[in-house]
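The next block holds one structure in the form of structure tokens; read it before the comments.
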Amino acid sequence: MRKQKKVSESYTIMTELVLPNDTNTLHNLMGGRMMHWMDIVSAIAAQKHSNRIVVTASVDNVSFKQSPKLGNVITLEAQVTRAFNSSMEVHINVYAEDIPAGSKIKTNEAFFTFVAVDQMGSPIDVPEAVPGTPEEIELFDGALRRRQLRLILSGRMKPHDAAELKALFQLED
Ligand SMILES: CC(C)(COP(=O)(O)OP(=O)(O)OC[C@H]1O[C@@H](n2cnc3c(N)ncnc32)[C@H](O)[C@@H]1OP(=O)(O)O)[C@@H](O)C(=O)NCCC(=O)NCCS
């Protein structure tokens, strides 16, 4: 039987300070630096789940709602939502904190997909991911639809085969 692990076992938190070299000319955090940190924190979460080397397979749309500023403390939280065969979806939340002002805002949210690979770089199966809390269950359930959407967009799945997505878009007259 396939090994099972709680999704909460993959929970990873990373804290960064926005320094001058991380910012653009408006003194806001550069998007590329943010995505670099998101990639690292989510790769660690995927490694914790799989106990394997992982590679980034895809990054879902990352939107930048508000700009973290120079001197902000950035907290990135990542956790596996669901594992398939060799791939895992990871959910990331990002917060920016202005400690002197006593304010903290959520700035980003994204889903990254990682694939566990062996020493030769070939995909290898990972444990099943078991959700516990209502929020984890909601993310777990939605992961199948998100996987189908990204596989269609990357040309790896035909829309016709995406049963969950088709059901979602079944509109009544
Ligand atoms: C990701 C990678 C290992 C997939 O290899 P592959 O030969 O296409 O393997 P497969 O077709 O067997 O797919 C393996 C898994 O990857 C998933 N996958 C592949 N491309 C994907 C994509 N664009 N989005 C989401 N999942 C993807 C498949 O759905 C499959 O998942 P499953 O095993 O859970 O069903 C390979 O494409 C790779 O090494 N890419 C480069 C990764 C990298 O270097 N990332 C950093 C870039 S800077």
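The values are calculated or read from the model by the stated rules, or taken from the named source; none is laboratory data. What you are looking at is a predicted structure, and each value in this text was computed from that prediction instead of being measured. Backbone-built Cβ (ideal geometry, glycine too); neighbour counts: all protein chains shown.
Could you tell me which of the residues 169, 84, 64 is among the hydrophobic types (A, V, I, L, M, F, W, C) and touching a strand residue (DSSP E or B) at 6+ places or on another chain (Cβ under 7 Å)? Working first, answer last.
On the way: 169 fails: touching a strand residue (DSSP E or B) at 6+ places or on another chain (Cβ under 7 Å); 84 fails: touching a strand residue (DSSP E or B) at 6+ places or on another chain (Cβ under 7 Å).
Sole residue among the options that is among the hydrophobic types (A, V, I, L, M, F, W, C) and touching a strand residue (DSSP E or B) at 6+ places or on another chain (Cβ under 7 Å): 64.
Do we find that residue 23 is without any contact (Cβ under 8 Å) to a residue 60 or more places away in the chain, away from the ligand (no atom under 15 Å from the Cβ) and over 21 Å from residue 131 (Cβ atoms) in this structure? Break it down into steps so the answer makes sense when it comes.
Values: without any contact (Cβ under 8 Å) to a residue 60 or more places away in the chain: yes; away from the ligand (no atom under 15 Å from the Cβ): yes; over 21 Å from residue 131 (Cβ atoms): yes.
Yes, satisfied.
Of the residues making up the range 23-33, not a single one is within 13 Å of the chain's Cα centre (by Cα) and under 30 Å from residue 155 (Cα atoms).
Are any residues in the range 56-109 within 21 Å of residue 31 (Cβ to Cβ) and among the charged types (D, E, K, R), and if so, which ones? 60, 65, 69, 77, 97, 98, 104, 106, 109 - these are the residues of the range 56-109 that are within 21 Å of residue 31 (Cβ to Cβ) and among the charged types (D, E, K, R).
Taking the range 60-85 as the search range and keeping residues that are surrounded by 20 or more Cβ atoms within 10 Å (Cβ to Cβ) and within 16 Å of the ligand (Cβ to nearest atom), which one is nearest to residue 127 (Cα to Cα)? Walk me through it before giving the result.
Taking the range 60-85 first, the residues surrounded by 20 or more Cβ atoms within 10 Å (Cβ to Cβ) are 68, 72, 74, 76, 78-83.
Still in the list and also within 16 Å of the ligand (Cβ to nearest atom): 80-83.
Numbers: 80: 11, 81: 12, 82: 10, 83: 7 Å.
Restricting to residues being surrounded by 20 or more Cβ atoms within 10 Å (Cβ to Cβ) and within 16 Å of the ligand (Cβ to nearest atom), the top hit is 83.
Scanning the range 123-143 for residues that are away from the ligand (no atom under 12 Å from the Cβ), touching a strand residue (DSSP E or B) at 6+ places or on another chain (Cβ under 8 Å) and of a type in the set (A, V, I, L, M) yields 130, 139. Across the range 93-113, the number of residues qualifying as under 14 Å from the mean Cα position of the chain (by Cα) and more than 16 Å from the ligand (Cβ to nearest atom) comes to 4.
Listed by first and then second residue, the pairs with beta-carbon distance under 9 Å, at least 6 apart or on different chains, first residue in the range 55-77 and within 18 Å of residue 39 (Cα to Cα) and at pLDDT 95 or above, second within 16 Å of the ligand (Cβ to nearest atom) and in a loop (DSSP other than H, G, I, E, B), are 55/121; 57/154; 58/154.
When the range 47-84 is examined, which residues are found to be charged (D, E, K, R) and out of contact with any His (no Cβ under 8 Å at 6 or more places or on another chain)? Show your work before the answer.
Filtering the range 47-84 for residues charged (D, E, K, R) gives 48, 52, 60, 65, 69, 77, 82.
Residues satisfying the conditions are 48, 52, 60, 65, 77, 82.
Against the test of being over 21 Å from the mean Cα position of the chain (by Cα) and modelled with pLDDT under 95, the options 153, 168 yield a single qualifying residue, 168.
Would you pick out the residues in the range 87-127 that are of a type in the set (D, E, K, R) and not in a strand (DSSP E or B)?
Of all residues in the range 87-127, those of a type in the set (D, E, K, R) come to 89, 97-98, 104, 106, 109, 118, 125.
Those that are of a type in the set (D, E, K, R) and not in a strand (DSSP E or B): 118, 125.
From the residues in the range 144-171 that are small (Gly, Ala, Ser) and within 11 Å of the ligand (Cβ to nearest atom), which one is nearest to residue 82 (Cα to Cα)?
Ranking the qualifying residues of the range 144-171, first place goes to 154.
Taking the numbered list (1) near the ligand (Cβ under 9 Å from one of its atoms); (2) among the hydrophobic types (A, V, I, L, M, F, W, C); (3) at pLDDT 95 or above in turn, residue 90 passes all entries but (1).
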